[in-house]
Amino acid sequence: MSLIEYEVRDRVALVTLNRPEQRNAQNAALLKELDEAFDRAIADDGVRVIVLKANGKHFSAGHDIAPEVHEIEPWKSMFDDVSNTGMLRMYTWELKHYFGYSRKWRDIPKPTIAAVQGACIAAGLMLAWPCDLIIASDDARFSDPVIKMGIGGVEYHGHTWEFGARKAKELLFTGGFIDAHEAHRLGMVNRVVPRDQLEGAAFALATEISRMHPHALLMAKRAVNLTLDAQGQHNALQSAYDAHSLGHANAWTICGHVITVGLDEMTAENRVAQERNKADG
């Protein structure tokens with residue numbers, strides 16, 4: 001089964017996360033397929049707008065942190081020579097696949113829209129935030145609880161830009177979440193719609209945008225993104241990624257596991273949530 005579904009309809013590329021049983025948790029294969037799908041849409045002159053959406057109840061529950069995931073490549077090879085390389089392999093792998101992908105997708109030369117339903121947790125934010133626009137269903141909720149893992153935030157640290165400084169600190173310090181309406185009030189989400197209207201609303205907005213000249217769309221996008229970078233966003237994101245990596249090093253010194261201090265607790269929480277989702281149908 002493909003982890004990413006891809007379709008082009010009326011100059012709009014529909015890119016769909018397809019791990020619904022895992023709440024669209026992200027593994028290395030999914031990220032690779034997603035990056036390839038974005039590249040495919042970029043290369044297609046018939047595509048003017050890209051919509052990122054997800055199958056199932058939830059947009060994305062973040063990175064797949066189940067213990068068995070870290071017994072397979074590429075994770076396993078990252079730590080087979082820690083005594084000589086320290087955190088270098090993990091740092092460079094995450095620099096490309098987590099921070100790097102998010103930064104690359106933020107600068108895709110075509111408008112992008114994220115259609116978010118259900119949970120958008122931790123690394124789920126790293127898929128939604130790089131998109132130019134976010135439409136959320138009224139049951140969407142957003143959080144970055146990785147402080148529970150002994151790490152101060154996900155690799156792509158857009159929190160301050162997306163939430164504002166005070167709210168960013170509150171959400172990070174508590175590991176809490178905000179709903180779609182609060183995200184809209186804060187300016188992180190463009191529109192909130194009923195769940196059953198999410199995909200239609202995202203496609204309608206994409207179709208409206210696709211009528212504009214592609215060069216004008218690119219210049220408008222670059223103007224906004226370059227303004228953010230002139231305000232320091234790019235350097236701030238780079239610095240925050242380095243700070244994130246220190247969290248992995250700290251976890252190693254505490255418990256001998258670089259992924260998280262609280263891996264067992266986080267895994268247990270995820271399993272409870274998955275069982276609850278199954279029970280809900």
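Look at the alpha carbon pairs under 8 Å that are at least 6 residues apart: their mean separation over the length of the stretch 141-227 gives a relative contact order of 25 percent. Is the stretch 155-238 rounded, prolate or oblate when judged by the Cα gyration tensor, a ≥ b ≥ c being the square roots of its eigenvalues, rounded requiring a/c under 1.5 and prolate requiring a/b larger than b/c? In terms of gyration-tensor shape, oblate. FRET efficiency for the ALA243 to LYS96 pair, using the beta carbon distance and R₀ = 22 Å, is estimated at 0.75.
Rounded, prolate or oblate, given the Cα gyration tensor of the stretch 83-150, with a/c below 1.5 counting as rounded? Oblate, since a/c reaches 1.5 and b/c is not below a/b.
Computed extension gain for ALA29 through GLU7, at 0.36 nm per residue and net of the alpha carbon distance, reaches 6.0 nm. Sequentially through the stretch 153-158, phi angles give Karplus couplings (6.51, -1.76, 1.60; θ = phi - 60°) of x, 5, 4, 9, 8, x Hz, Gly and Pro residues having no value and appearing as x. Charged neighbours of VAL12, selected by a Cβ distance under 15 Å, balance to -1 (K, R count +1; D, E count -1). Taking a sphere under 12 Å around the Cβ of ALA115 and counting the other residues whose Cβ falls inside, with K and R at +1 and D and E at -1, yields a net charge of +2.
Ranked by the mean number of other Cβ atoms within 10 Å of their residues, highest first, the peptides 133-144, 187-198, 219-230 fall in the order 133-144, 187-198, 219-230. Among the lysines, select those whose C-alpha is under 16 Å from the C-alpha of LYS96, and discard any that sit fewer than 8 residues away in the same chain. Straight-distance partners of LYS96: LYS32, LYS104.
What FRET efficiency comes out for the pair LYS169/THR253, r = Cβ-Cβ distance, R0 = 25 Å, nearest 0.05? Result of the calculation: an efficiency of 0.50.
Values quoted throughout were computed directly from the atomic coordinates according to the rules given, and no laboratory measurement underlies them. Remember, predicted model here, so these are calculated numbers, not experimental data. Positions of Cβ are backbone-derived with ideal geometry, glycine not excepted, and every protein chain shown enters the neighbour counts.
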